[in-house]
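S.K.: The structure's right below; bear with me while I get my questions together.
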Amino acid sequence: MDWKKSFKKFAKQKLPDEACGLVAIIKEKETFWPCKNLAKSSDSFFVLDPDDWADCEDMGEIIGVVHSHPTGPATASEVDKKSCEHIGFPYFIYSIEYDNWSCTNPIDWVEPKLERSV
């Protein structure tokens, strides 16, 4: 089963809330990694559980963030666009209502540089 099919099933189980997770390369395969949605208004927003993120990172290489829109199109909101830019990973969005996908990629993201104290 590919990661999109896995996510669609997961998203439908989380209704009426937004489902969220990560897409990662685990054992040389693109894989959906489910995450808890910690948002207080989880029916219209998502906040990835940082422990889930860390667990996924321990297993493989994260290549994207995925979340659902329970109603409406898969169009990225302004918050989605800003978050995508902030973390530097593509945002894959699945519309449950329209059964379609969109992807928003970071445009101006620059990897943070850590400065060493002497």
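S.K.: For the chain, what proportion of DSSP beta bridges, expressed in % and rounded to the nearest 5, is antiparallel?
M.R.: Numbers: 19 of 24 bridges.
The antiparallel proportion sits near 80 percent.
S.K.: Further question on the same structure: Of Lys40, Lys81, which has the most accessible area and how do the rest follow, probe 1.4 Å?
M.R.: Lys40, Lys81
S.K.: Another question about this same structure. Once label points are set 7 Å from the Cα along Cα→Cβ at both His86 and Ala39, what is their separation, rounded to one decimal in nm?
M.R.: 1.2 nm
S.K.: If you don't mind, there's one more thing I want to ask. If Val66, Val79 are ordered by their accessible area, calculated over protein heavy atoms with a 1.4 Å probe, which sequence runs from highest to lowest? Before the final figure, lay out each step's value.
M.R.: Working: Val66 0, Val79 85 Å².
So, going from the largest accessible area down, we get Val79, Val66.
S.K.: Return the subset of Lys8/Lys36; Lys29/Lys82; Lys5/Lys27 for which the Cα-Cα distance in this structure is over 22 Å, preserving the input order. Let's see the in-between values first.
M.R.: On the way: Lys8/Lys36 15 Å; Lys29/Lys82 28 Å; Lys5/Lys27 18 Å.
With Cα atoms farther than 22 Å apart: Lys29/Lys82.
S.K.: Taking H placed 1.01 Å from N in the peptide plane, check which residues at least 5 places from Ala74 or on another chain put their amide H under 5 Å from its amide H.
M.R.: Ser95
S.K.: Taking GluC sites (Glu not before Pro) as candidate sites, keep only those in a DSSP loop with at most 10 other Cβ atoms within 10 Å, then name the longest stretch of the chain containing none of them.
M.R.: 29-114
S.K.: In addition: Please report, in debye to the nearest 20, how large the charge dipole of the chain is about its Cα centre when each Lys and Arg carries +1 at its beta carbon and each Asp and Glu carries -1 there.
M.R.: Approximately 280 debye in magnitude.
S.K.: Hey, another quick one. Just by accessible area at a 1.4 angstrom probe, what is the order of Ile62, Ile25 from largest to smallest?
M.R.: Largest accessible area first, the residues go Ile25, Ile62.
The values are calculated or read from the model by the stated rules, or taken from the named source; none is laboratory data. Keep in mind that what you see is a predicted model, and the values were worked out from it rather than measured. Don't worry about glycine lacking a Cβ; one is built from the backbone with ideal geometry, like all the others, and counts go over all protein chains shown. Heavy atoms of the whole protein, side chains included, go into the accessibility calculation; ligands, DNA and RNA do not. Shrake-Rupley method; radii C 1.70, N 1.55, O 1.52, S 1.80 Å.
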